[in-house]
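S.K.: Supplied in structure tokens, the structure appears directly below.
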Amino acid sequence: MSAIRLLVLGAVRQHGRAHGYQVRNDLEFWGAHEWSNAKPGSIYHALKQMAKQGLLVAHEIAPSTAGGPPRVEYEITDKGSEEYFTLLREALTSHDQKTDVLSAGVGFIVDLPREEAVSLLKQRIKGLEEWRAGVTEYYTPEEGPAQLGHIGEIMNMWVHMADSGAEWTRSLIGRIEGGAYTFAGEGESFVGVLADGELNPFATGPHPEDRR
């Protein structure tokens with residue numbers, strides 16, 4: 001699973017309707033260009049591809065005052081919303097997701113009901129525990145990595161990744177169950193998007209399609 005689809009669908013959904021520059025601006029504001037593949041070219045490509053796939057609707061609006069081509073604004077469809085929530089649930093549940101996918105899932109976690117978010121994270125812990133158990137069929141952490149030569153360091157790394165991932169997930173569950181954040185159905189959630197034209201302190205510079 002690629003993080004870019006979830007990130008772009010989520011950003012468009014938060015705006016309701018957004019052009020490519022707004023989506024790029026939001027993702028850079030969140031730092032996604034540093035921890036994911038959400039680079040300018042991939043963002044514009046994802047928008048166009050998902051419009052072709054019926055996940056987004058592309059609206060052409062008035063040409064720019066500088067005489068350029070019409071700006072394209074995107075709006076998520078029902079099919080796109082279904083895909084978005086499928087990707088979001090998968091990002092939070094699967095224990096073997098890459099860090100960028102999990103990060104994207106956490107970034108949109110409040111779009112789910114609180115109880116569902118907790119349930120999905122508990123499934124992630126279960127997956128991590130099962131993964132750890134599979135590793136320890138061949139490797140005994142208490143005996144240390146040297147039991148398998150330097151290859152044991154790989155097993156040792158996997159065990160530590162499983163343990164740290166489970167510990168982090170449990171701490172997040174604890175904060176959510178303790179009432180942190182505003183989830184779907186509870187009121188107005190925090191939305192970290194920039195208004196059209198708002199200065200982005202993390203912008204990486206101009207792009208040929210920035211105003212489209």
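The values are calculated or read from the model by the stated rules, or taken from the named source; none is laboratory data. The structure presented is a predicted model; accordingly, all values stated were derived computationally and were not measured. Every residue, glycine as well, gets a Cβ built from its backbone with ideal geometry; the counts of neighbours run over all protein chains shown.
S.K.: I'd like to check something: does the stretch 145-157 contain any residue that is in contact with a Phe, Trp or Tyr (Cβ under 6 Å, 6 or more places away or on another chain), assigned to a helix (DSSP H, G or I) and either without any contact (Cβ under 8 Å) to a residue 60 or more places away in the chain or over 30 Å from Pro113 (Cβ atoms) (or both)?
M.R.: Yes, that holds for at least one residue.
S.K.: Within the set of pairs 6+ apart or on separate chains, which have a first residue in the stretch 24-45 that is closer than 19 Å to Ala58 by Cα and touching a residue at least 24 places away in the same chain (Cβ under 8 Å), a second that is β-branched (Val, Ile, Thr) and not in a loop (DSSP other than H, G, I, E, B), and C-beta atoms under 9 Å apart?
M.R.: Pairs found: Arg24/Ile43; Ser42/Ile4; Ser42/Val8; Ile43/Ile4; Ile43/Val8; Ile43/Val23; Tyr44/Val23.
S.K.: Just the residues that are of a type in the set (Ser, Thr, Tyr) and farther than 17 Å from Arg13 by Cα, please, taken from the stretch 79-116.
M.R.: Answer for the stretch 79-116, where residues must be of a type in the set (Ser, Thr, Tyr) and farther than 17 Å from Arg13 by Cα: Thr93, Ser94, Thr99, Ser103.
S.K.: Among the residues that make up the stretch 67-79, is at least one of them surrounded by 16 or more Cβ atoms within 10 Å (Cβ to Cβ) and hydrophobic (A, V, I, L, M, F, W, C)?
M.R.: For the stretch 67-79, residues surrounded by 16 or more Cβ atoms within 10 Å (Cβ to Cβ) and hydrophobic (A, V, I, L, M, F, W, C): present.
S.K.: Can I ask one more? For the condition small (Gly, Ala, Ser), modelled with pLDDT of 80 or more, more than 21 Å from Glu137 (Cα to Cα) and more than 18 Å from the chain's Cα centre (by Cα), what is the one hit in Gly197, Gly185?
M.R.: Gly185
S.K.: Identify all residues within the stretch 88-105 that are part of a helix (DSSP H, G or I) and either within 12 Å of Ser36 (Cβ to Cβ) or in contact with a strand residue (DSSP E or B) (Cβ under 6 Å, 6 or more places away or on another chain) (or both); write none if there are none.
M.R.: Ala91, Thr99, Asp100, Val101, Leu102, Ser103, Ala104, Gly105
S.K.: Go through the stretch 84-116 residue by residue and tally those that are surrounded by 20 or more Cβ atoms within 10 Å (Cβ to Cβ) and more than 21 Å from Trp30 (Cα to Cα).
M.R.: 1
S.K.: Would it be correct to say that Leu121 is free of Cβ contacts under 8 Å to residues at least 24 places away in the same chain and either in contact with a helix residue (DSSP H, G or I) (Cβ under 7 Å, 6 or more places away or on another chain) or of a type in the set (Gly, Ala, Ser) (or both)?
M.R.: no
S.K.: Here's another thing I want to ask about it. Filter the stretch 8-36 down to residues that are part of a loop (DSSP other than H, G, I, E, B) and either at pLDDT 85 or above or in contact with a strand residue (DSSP E or B) (Cβ under 9 Å, 6 or more places away or on another chain) (or both), then give me how many there are.
M.R.: Counting residues in the stretch 8-36 that are part of a loop (DSSP other than H, G, I, E, B) and either at pLDDT 85 or above or in contact with a strand residue (DSSP E or B) (Cβ under 9 Å, 6 or more places away or on another chain) (or both) gives 2.
S.K.: Residues in the stretch 109-143 that are among the polar types (S, T, N, Q) and in contact with a Ser or Thr (Cβ under 7 Å, 6 or more places away or on another chain): how many?
M.R.: Count: 1.
S.K.: Hey, another quick one. Counting just the residues of the stretch 158-184 that are part of a helix (DSSP H, G or I) and of a type in the set (Val, Ile, Thr), which one comes out nearest to Leu102 (Cα to Cα)?
M.R.: My answer is Thr169.
S.K.: Taking the stretch 140-155, which residues are touching a helix residue (DSSP H, G or I) at 6+ places or on another chain (Cβ under 8 Å) and more than 18 Å from Asp96 (Cβ to Cβ)?
M.R.: Scanning the stretch 140-155 gives Pro141, Gly144, Pro145, Ala146, Leu148.
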